[in-house]
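Structure first, commentary second.
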Number of protein chains: 2
Amino acid sequence: MLKIEAPYLIYLGDTQIPEMAKTGAGLAYWRPERCAGQLREPGCAADLGLPDLDLNAAVQQGVKTLVIGTAIPGGQLPDSWITRIVEAMEAGMDIASGLHSPLRSIPALDKTAKETGRNIYDVRLSHGPHPIANGRKRSGQRLLTVGTDCAVGKKYSALALHRELLARDVSATFRATGQTGVLIDGQGLAIDAVVSDFIAGAVEALAPSADDAHWDVIEGQGSLVHPAYAGVSLGLLHGAQPDAFVVCHEYGRKQLSGFEDHRVGSIEHIISLTEQLGRIVSKEIRCAGISLNTSSLSEQEALNAIQEIKEQYGLPVCDPVRFGVKEIIDDLLSKES
Amino acid sequence: MLKIEAPYLIYLGDTQIPEMAKTGAGLAYWRPERCAGQLREPGCAADLGLPDLDLNAAVQQGVKTLVIGTAIPGGQLPDSWITRIVEAMEAGMDIASGLHSPLRSIPALDKTAKETGRNIYDVRLSHGPHPIANGRKRSGQRLLTVGTDCAVGKKYSALALHRELLARDVSATFRATGQTGVLIDGQGLAIDAVVSDFIAGAVEALAPSADDAHWDVIEGQGSLVHPAYAGVSLGLLHGAQPDAFVVCHEYGRKQLSGFEDHRVGSIEHIISLTEQLGRIVSKEIRCAGISLNTSSLSEQEALNAIQEIKEQYGLPVCDPVRFGVKEIIDDLLSKES
């Protein structure tokens, strides 16, 4: 498992479109205590609300890692960014990136890493070797977020559930399984980059045995009904061995995003599939609630939708972005054995 | 997708245990027309019944590839074998191996490959890049073998079903998804070596659109109820988009091999799971029969067991090793639209 050292300096380059800095915004929102500041080139349109630091100031504040906080349209890293990343390594920082194209594949960066002895963490790459799963029951409690599609809020929900557990003084660990989650938390594993034989085993290692009262909150991936990614979702479910799961769904979404021939899973179907397939590793697996992404609705419509789905399923329903996840955690903790 | 050129010379080294030559035996049994001969060192206890050829004789007979036909206890390739493999490349042959440890990782072999320009096919490695699955309906017909556990006869059954289709003059292609299948057929893909994001997409590419009357017979992997490998099995099911599947089961096996905490899937459960999970890519998916491994039974017991299961499920049931797969193919072809 990767471990990226904080504090971070978040690099935004000269990105023209503030929305491209989603990764940086996630870091600043979920782990402000890990973020010392941001580094922006002239003309940068993004602003995370963090202190602007140049490399010297960052070094003085003890920054350990420069994290690439923005996506790049087209995927090609501009030369001026490469120069800055080289300078950061020369100033003593590690580099972390969730970009599709590994930084290590850029000769100037690879060369500087070797010369300076700094680490480049390309978090989309698998940092194996990983074990084969053994499927044996582990101690501790685990919660997995699952989805009716990709990009419905599984990472956000897991981070929110984890934060709410900590707010109640419950011992809990967030377990990142995607590149942005790994950057945010500084540890974890991009599970979709793992060789398929080892999916479940890698997740067993990521969320190991723990104290009986401890909760691991594991970020889900894909969906069990997704024609491209269901294998990842199932391997993750088996490796996670969850006691409880939360179904994440975007209200009103009908077709799988980018796969228009395929319908999203219904909440009901995802609950029953997750229970059915999860039971081989976790006999008492149960749905702990529904996380509803209501971003397409007005606030009143959102409250109505939540109420409607709550009555339909008899489970706590939350929109974590709008209203938090208190009800799911109330219910979860009230049912602990 | 890998393509390994025939004819093959099968290398058995000086293996002391005939059973270690299972891969070679599979090649000689399923693709005798691809096997020019065997090469054995002094003291070798295995014999595939093929002509013994030295490297010179093999070259004269047009051999293109030396295939490692035997497993190695401990996994360490003996120096004398390395010397022989070097000589084979110098004589103009490619090398193909399904051993765990890649031949490419042995410096002398890697060096010789570069010097001679010959290929080393380590079929357990993924030869990507692979596409992301699109889940769109393809033409042609596809049959997938699925299992109640690993090592119950999915490869053997697929090869037998393919051979029986050819015997009826049906246009058909075997699609290997494991290292031994790839060596036997000279093409295919070890699906468990593919990065998990691409499992289904790699299988879509492996078994592409075809003429309406054509059958692809796809080798299954793992089991949907296996705590370590179910993710691979599900990705393979979705990528295969099968019209029909055959459930492979070893009579009398109760626990998953090597995973004693876990029961094998019942035939009934595997049928219903495969239909349920396969339907998102293949609406009319159906079970075409049951392949029963009766190796633990006497012949009369085997016939009784087959009859019993046939009555229980109302499906054709065969032991492909003992009695062939005619009934499954009869039934499959009678139901074609």
| request: Over the range A:2-122, with every protein chain in place, what whole percent of the accessible area is carbon and sulfur at 1.4 Å, could you tell me? | output: 51 percent
| Roughly what angle does helix B:79-90 make with the longest principal axis of chain B, taking Cα atoms, 0 to 90 degrees, to the nearest 10? | 90 degrees
| query | In a Debye calculation with equal point scatterers on the alpha-carbon sites of the range A:135-250 and no solvent, what is log10 I(q)/I(0) at q = 0.10, 0.11, 0.15, 0.23 Å⁻¹? | reply | -0.25, -0.30, -0.57, -1.39
| said: Helix B:267-278 against the longest principal axis of chain B: what's the angle in degrees, Cα atoms only, rounded to the nearest 10? | reply: 90 degrees
| field | Between the range A:93-126 and the range B:82-103, the alpha-carbon center distance in angstrom | value | 34 Å
| note | Everything considered on the Cα gyration tensor (a ≥ b ≥ c; rounded for a/c under 1.5, else prolate if a/b is larger than b/c, else oblate), the range B:1-110 must be described as rounded
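Tell me, what is the per residue accessible area of the protein assembly as shown in Å², probe radius 1.4 Å?
40 Å²
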| task | Go through the range B:157-202 and flag every residue whose accessible area shrinks by 40 Å² or more with all protein chains in place compared to the isolated chain (probe 1.4 Å). | result | B:192, B:195, B:196, B:197
| query | Once you charge only the Cβ atoms, +1 for Lys and Arg and -1 for Asp and Glu, what is the size of the charge dipole of chain B about its Cα centre, to the nearest 20 debye? | reply | 660 debye
| When only DSSP loop residues count, what trypsin sites (Lys or Arg not before Pro) in the range A:242-337 have their Cβ near at most 14 other Cβ atoms within 10 Å? | A:254, A:279, A:283, A:335
| Averaged across the residues of B:234-240, what count of C-beta atoms belonging to other chains lies within 10 Å of each residue's C-beta? | 5
| note | Once residue A:295 and residue A:168 are pulled to full extension, the length gained, defined as 0.36 nm per residue separation minus their Cα-Cα distance, is 43.0 nm
| query | chain B: longest stretch without exposed GluC sites (Glu not before Pro) (DSSP loop, at most 13 other Cβ within 10 Å), sites themselves excluded? | reply | B:1-283
| Cα extents of chain A along the three principal axes, largest first (Å) | 56, 47, 44
| task | With both partners inside the protein assembly as shown, how many of the DSSP beta bridges are antiparallel, as a percent to the nearest 5? | result | 10 percent
| message | With +1 assigned to the C-beta of every Lys and Arg and -1 to the C-beta of every Asp and Glu, and no other charges, what is the dipole magnitude of the protein assembly as shown about the Cα centre in debye, to the nearest 20? | response | 120 debye
| Short version: ³J(HN,Hα) in whole Hz for each residue of the range A:294-301, in order, from phi by Karplus 6.51 cos²θ - 1.76 cosθ + 1.60 (θ = phi - 60°), x for Gly and Pro, what are they? | 9, 4, 7, 10, 6, 4, 5, 4
| Relative contact order for the range A:204-337: what is it in percent, counting Cα pairs under 8 Å that are at least 6 residues apart? | 20 percent
| note | CD proxy, 222 nm, chain B: helix-only mean residue ellipticity via -39,500 (n - 2.57) per DSSP H run with n ≥ 4, per residue, nearest 500, stands at -10000 deg cm²/dmol
| remark: From the Cα centre of the range A:185-208 to that of the range B:1-34, the distance in Å is 35 Å
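Assign one of three labels to the protein assembly as shown, namely rounded, prolate or oblate, based on the Cα gyration tensor with a ≥ b ≥ c the square roots of its eigenvalues; rounded applies when a/c is under 1.5, prolate when it is not and a/b is larger than b/c, and oblate otherwise.
Oblate.
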| Between copies, how close do the residue B:279 label points come, placed 7 Å along Cα→Cβ, listed in nm from shortest? | 1.7
| For chain B, what is the relative contact order in percent, using Cα pairs closer than 8 Å and at least 6 residues apart in sequence? | 15 percent
| task | Provide a list, ordered by number, of residues in the range B:254-278 showing at least 10 Å² less accessible area with every protein chain present than when their chain is taken on its own, using a 1.4 Å probe. | result | B:259, B:261, B:262, B:269, B:273, B:276, B:277
| said: Treating only the Cβ of Lys, Arg, Asp and Glu as charged (+1, +1, -1, -1), what charge dipole size does the range B:141-334 show about its Cα centre? Round to the nearest 20 debye. | reply: 140 debye
| task | For residue B:45, go 7 angstrom from Cα along the Cα-to-Cβ vector, then report the distances to that same point in the other copies in nm, smallest first. | result | 7.3
| field | Gaussian network model of chain B, Cα within-10 Å springs - most flexible of B:180, B:294, B:145 | value | B:294
| message | At 7 angstrom along the Cα-to-beta-carbon line, where would the label on residue B:136 sit relative to the other copies? Give the distances in nm, shortest first. | response | 4.8
| query | What residue among A:42, A:32, A:131 shows peak mean-square fluctuation when chain A is described by a Gaussian network model with Cα springs under 10 Å? | reply | A:42
| remark: In degrees, nearest 10, the alpha-carbon axis of helix A:154-167 is tilted away from the dominant principal axis of the alpha carbons of chain A by 80 degrees
| For residue B:317, residues with placed amide H under 5 Å, excluding near neighbours | B:290
| message | For a test of the definition: using alpha carbon positions, the gyration tensor, and the 1.5 limit on a/c, classify the range B:75-129 as rounded, prolate or oblate. | response | oblate
| Additional length obtainable on full extension of the chain from residue B:134 to residue B:323, 0.36 nm per residue less Cα span | 64.1 nm
| field | Peptide-level mean, for A:37-48, of C-beta atoms on other protein chains within 10 Å | value | 0
| query | For chains A and B, what's the summed buried accessible area, probe 1.4 Å, to the nearest 100 square angstrom? | reply | 2700 Å²
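The values are calculated or read from the model by the stated rules, or taken from the named source; none is laboratory data. In this text the structure is predicted, and so the values were computed from the model without any measurement. Backbone-built Cβ (ideal geometry, glycine too); neighbour counts: all protein chains shown. Each accessible area value is taken on the protein alone, full model and side chains, heavy atoms only, with ligands, DNA and RNA left out. Shrake-Rupley method; radii C 1.70, N 1.55, O 1.52, S 1.80 Å.
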